[in-house]
Amino acid sequence: MSPKVDGAWNLHALTLHRPLDFLVLFSSVSSLVGNPGQANYVAANAFLDALAHYRRSRGLPATTINWGHVAGAGYVSRHQELSELLTSRGFLGLSSKQAMEALGRTLQTKPIQMGVMRMDWQKVARSLSTAALSQRLSALAGASTLEQQGGEEGSRIREALLHAKPEECEEIVQTYIREQVARVLGASASKLDADRLLNELGLDSLMGVELRNRVESDLALSLPMRELMQSPTINSLSRAILGQLTPSASVSQDAASLPQEATEQLAARVEQLSDEEVDSLLSEMLGEEADEAKQLEEEMRG
């Protein structure tokens with residue numbers, strides 16, 4: 001924060017009594033839409049925006065420009081991984097020529113604040129979640145369209161599972177989960193190790209909440225937060241979700257892994273249970289789940 005905050009304030013203070021034509025502050029698009037993991041950078045640029053408005057309120061010249069990243073120049077261009085991350089989140093690169101032309105037009109019109117960026121708004125909305133976007137940006141991102149796409153995605157997954165062979169089902173769900181994890185992390189799906197723990201991939205608790213919300217919204221199922229807090233892998237999470245989407249397939253797979261004699265004994269025991277015993281067993285299971293949820297809530301509060 002220091003270079004932008006201290007530097008800008010020093011320029012402001014030292015030029016208060018000089019007849020300036022321009023005082024141009026180079027801010028960032030991040031102060032308009034946020035950037036997960038860079039709160040200090042976002043805050044520093046928000047300070048520049050506020051300083052420009054403060055100077056104008058005092059009759060002093062000031063313009064703040066919220067730049068997107070410039071391709072082929074600067075820090076981002078020197079760090080390929082960062083460039084790929086920004087692109088995956090919808091922050092596309094400006095050419096140097098585009099940036100200079102925009103700067104020229106901005107200096108001619110002298111607005112207090114101007115955003116200059118290339119954005120894929122739907123990718124931005126997916127990476128930040130529509131809940132984090134302002135009403136104006138949600139309109140740009142087409143939030144209602146994204147919600148509709150989420151429902152269509154869930155229908156597509158369920159339809160694919162309905163017509164897929166048993167051995168293909170897990171791959172279908174795994175592909176979906178890999179894509180959702182990649183969107184939350186702002187990473188490339190092809191580069192994610194499906195057998196590596198999610199927290200090792202970079203998933204924190206807030207991202208876990210976003211991932212759960214995406215999956216529950218798309219697939220119309222309940223994904224316990226404990227599943228994510230225990231930091232599973234993409235593969236293990238996919239199997240758990242597959243069990244909810246195709247419970248019969250999950251049961252048949254579990255049964256197939258048992259010796260035939262044990263399977264027959266288990267089936268016989270289930271058949272012998274009375275309705276009252278089944279109700280009692282279900283009540284016990286639900287009670288255990290409620291106790292676990294309460295314990296998890298107390299742990300998170302602690």
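Taking the conditions exactly as written (modelled with pLDDT of 90 or more and under 30 Å from V181 (Cα atoms)), does G74 satisfy them or not? It is false that G74 is modelled with pLDDT of 90 or more and under 30 Å from V181 (Cα atoms).
Residue count for the range 42-68 satisfying the condition of being without any contact (Cβ under 8 Å) to a residue 40 or more places away in the chain and not charged (D, E, K, R): 6. Pairs linking a residue in the range 219-245 that is not assigned by TED's automatic domain parsing to the domain that holds Q174 to a residue that is assigned to a strand (DSSP E or B) and at pLDDT below 75, with Cβ atoms under 6 Å and 6 or more positions apart or on different chains, do not occur.
Where helices (runs of 4 or more DSSP H) sit wholly within the range 59-121, those with at least 1 residues that are under 21 Å from L11 (Cβ atoms) occupy 74-78, 96-109.
In the range 5-17 there is at least one residue that is modelled with pLDDT of 95 or more and closer than 30 Å to G202 by Cβ.
Give the range 21-66 a look and list any residue that's under 19 Å from the mean Cα position of the chain (by Cα) and surrounded by 15 or more Cβ atoms within 10 Å (Cβ to Cβ), or say none. Of everything in the range 21-66, those that are under 19 Å from the mean Cα position of the chain (by Cα) and surrounded by 15 or more Cβ atoms within 10 Å (Cβ to Cβ) turn out to be V29, S30, S31, L32, V33, G34, N35, P36, Y41, V42. Of all the criteria given as (1) closer than 15 Å to T233 by Cα; (2) touching a residue at least 60 places away in the same chain (Cβ under 8 Å), the one not satisfied by L161 is (1). Among the residues here, T106 qualifies as modelled with pLDDT of 90 or more and surrounded by 15 or more Cβ atoms within 10 Å (Cβ to Cβ).
Report whether or not L86 is surrounded by 13 or more Cβ atoms within 10 Å (Cβ to Cβ), closer than 27 Å to K123 by Cα and in contact with a helix residue (DSSP H, G or I) (Cβ under 9 Å, 6 or more places away or on another chain). In short, yes. Do we have any residue at all in the range 4-25 that's in a helix (DSSP H, G or I), of a type in the set (D, E, K, R), out of contact with any helix residue (DSSP H, G or I) (no Cβ under 8 Å at 6 or more places or on another chain) and without any contact (Cβ under 8 Å) to a residue 40 or more places away in the chain? Within the range 4-25, one or more residues are in a helix (DSSP H, G or I), of a type in the set (D, E, K, R), out of contact with any helix residue (DSSP H, G or I) (no Cβ under 8 Å at 6 or more places or on another chain) and without any contact (Cβ under 8 Å) to a residue 40 or more places away in the chain.
Those helices (runs of 4 or more DSSP H) of the range 173-244 that lie entirely within it include none in which at least 3 residues are modelled with pLDDT of 80 or more and either more than 26 Å from G90 (Cβ to Cβ) or of a type in the set (D, E, K, R) (or both).
The values are calculated or read from the model by the stated rules, or taken from the named source; none is laboratory data. What you are looking at is a predicted structure, and each value in this text was computed from that prediction instead of being measured. Please note: Cβ atoms are built from the backbone with ideal geometry, for glycine as well, and neighbour counts cover all protein chains shown.
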